[in-house]
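For reference, the structure discussed in these notes is given below.
The values are calculated or read from the model by the stated rules, or taken from the named source; none is laboratory data. None of the values given here were measured: they were computed from a predicted structure. Positions of Cβ are backbone-derived with ideal geometry, glycine not excepted, and every protein chain shown enters the neighbour counts. Each accessible area value is taken on the protein alone, full model and side chains, heavy atoms only, with ligands, DNA and RNA left out. Shrake-Rupley method; radii C 1.70, N 1.55, O 1.52, S 1.80 Å.
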Amino acid sequence: MAVVLEAFVTWLSGCPHKGQQPLVRRSKLAYTVEAFGGFFLTIGLGHWAVISGSWYLLPALWLILAGRTWALFNIFHHATHDTLFASQRVNRALAFCSSLLSFSSSLDSYRKEHIQSHHTRKMCTYDDEEAAFMPLGFPPGMPKSYYYRRLTWLVCTPWTYLLYARYRLWDWQQGEPLWRRAAVWTYTVGLVVGAYQLSLMESLLLAYVVPLFVVFNVTGLLGTFSEHHWGTLLDQPARLRLVLLQQSRFLLDPAPDRSLPTDRRTKAWAVWWLRLLAYHLPVRVAVLPGDSMHHDHHHRHPRTEQWTMSTYERFDHLENGCPGFANYPHSHAWTLGEAIDRVFTRMSAAPAPGPELLPHGQRVGRRLFRFAAASPAATLQAAQQSAPPDATRRPAY
C-alpha cells in the first residue's frame, strides 16, 4: 500500500525522490490508448450523468474531459516533434483524429507554427506565433495586479467563450486545405444532426460542448500563463532565453513539521491532504496531464523518446548535472498559483513594448486555447495610461 501511495503522490506532484523507480513504465501506445479511451469514456459518463439526473457529477467530468483533451493535444504535439511512433502515417492519422475531436488546427499548420517559430530564437518574443500574451492583452511591463485582473476578466466574461468558439470553428480553419475544412464541418454537422435525431442535444451540450469550449479554455489560460515568462529577456542570447523562460510546474505542499504538537500536526496533515485532493489533483487532471508539467525539460530536449516518463527522465538529468546545461539547472514552481505568480512577476519587471509593437497584438494565434477577447492595442494603450507606477516591482532575474 505504501508503494502505491508513493507512486500516486509522485505522479501527482511530478517530482520523484532520490533513487525512486517508476512503479509502472507507460509506453507511447499505452499513453495513446489512455488519451483516446479516457476521452470517449468521459463523454459516455457525462451522457449517463445527464440521462440519470446525476448532475452533481458533471463538474468533475468536465475537468476530466478537459484533461483528456489536453492528453490528446500531447499526442498531437509529439507527432509534431516526430517523437510519437516510427510510422509517419500512424502519427498523421492520430494527429488528425485528436485535432478533429478537439477542433484545432491541422498537423501541418501547427508544425509550421510550433517548430519554425516557438522552438526558435523567436520563442516568447513578439514574433513567436504561439505567443498569446499580446493578443490576450498581457503586455510586459504592467503591474502584477493588472495581469491578475485581466486573467479574471477573461475567465469570467461570456464574450470570451463566444469568440473562442468562433475562432476554433471558423477562423482557424480558413487557412486549412479544402479537404480538412470539409472534414471539420462534416464532423460538426454530423454531431449536431445526430444528436438532434437521437434526442441527445442535452447530452451533446453538457457532456461535450461545455467542457471543450468553456472548461478547456480556462485550463488553457492557466497553462499558458504558468509555463513561459512571456516577453522577457528580449535582449539576451537565444540559448540563455531557452533555459530561463520556462519552468516545470510541480504540485505538492511541504509536509507538516514533525516537531509540531500532536493535535496541530494532525490538523496540518488534514489540510495537506485536503489541498492535495481538492487543489493539486484537479490541476494535475485538468490542466497538466501527461508530460505537460515538465515544460522546461521539453524545451531542452524536444526530441526525447522518453516523454511518457518525463517525471523520472527530468529528475535523472538534474541528478546528473543537466548534461549540456550544467550552468543552468532546471527551474520549477511547487503549485500552479506559484507558477502563475512567477510568470506575472517576471513579466511585470520586463520593459513595456513600444507603440511600434502594437500590431503584434492584433495577431490571432492558432493554438488550441487561443482567442482574443478584446482589441489588444486598445487594451494595452488603456492599461499604460491608467497603470500607476509599481514601486514594489522586483527584478525578474
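Data overview
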item	result
Answer from LEU65, LEU12, LEU72, LEU61 - the residue that is of a type outside the set (S, T, N, Q), crowded, with 20+ Cβ neighbours inside 10 Å and in contact with a His (Cβ under 7 Å, 6 or more places away or on another chain)	LEU12
Any hit, the stretch 147-160, residues being under 18 Å from the mean Cα position of the chain (by Cα), modelled with pLDDT under 85 and not charged (D, E, K, R)	yes
Residue list for the stretch 99-122, restricted to those being open to solvent by 10 Å² or more (accessible area, probe 1.4 Å) and within 18 Å of HIS228 (Cα to Cα)	ILE115, GLN116, HIS119, THR120, ARG121, LYS122
Verdict on LEU58 being over 20 Å from HIS301 (Cα atoms), within 18 Å of the chain's Cα centre (by Cα) and touching a residue at least 24 places away in the same chain (Cβ under 8 Å)	no
Helices (runs of 4 or more DSSP H) contained in the stretch 255-337 and holding at least 1 residues touching a His at 6+ places or on another chain (Cβ under 8 Å)	295-300, 310-319
Leading residue by the ranking (farthest from GLY141 (Cα to Cα)) among those in the stretch 317-351 that are without any contact (Cβ under 8 Å) to a residue 60 or more places away in the chain and surrounded by 13 or more Cβ atoms within 10 Å (Cβ to Cβ)	HIS317
Residue pairs meeting the criteria (Cβ under 8 Å; at least 6 apart or on separate chains; first touching a residue at least 40 places away in the same chain (Cβ under 8 Å) and part of a helix (DSSP H, G or I), in the stretch 174-190; second of a type in the set (Asp, Glu) and open to solvent by less than 40 Å² (accessible area, probe 1.4 Å))	VAL184/GLU176
Qualifying residue in the stretch 76-89 (condition: touching a Gly at 6+ places or on another chain (Cβ under 7 Å), under 21 Å from ILE115 (Cβ atoms), crowded, with 20+ Cβ neighbours inside 10 Å and at pLDDT below 95)	no
Condition met for ARG111 (more than 30 Å from LEU5 (Cα to Cα), free of Cβ contacts under 8 Å to residues at least 24 places away in the same chain and of a type outside the set (Asp, Glu))	no
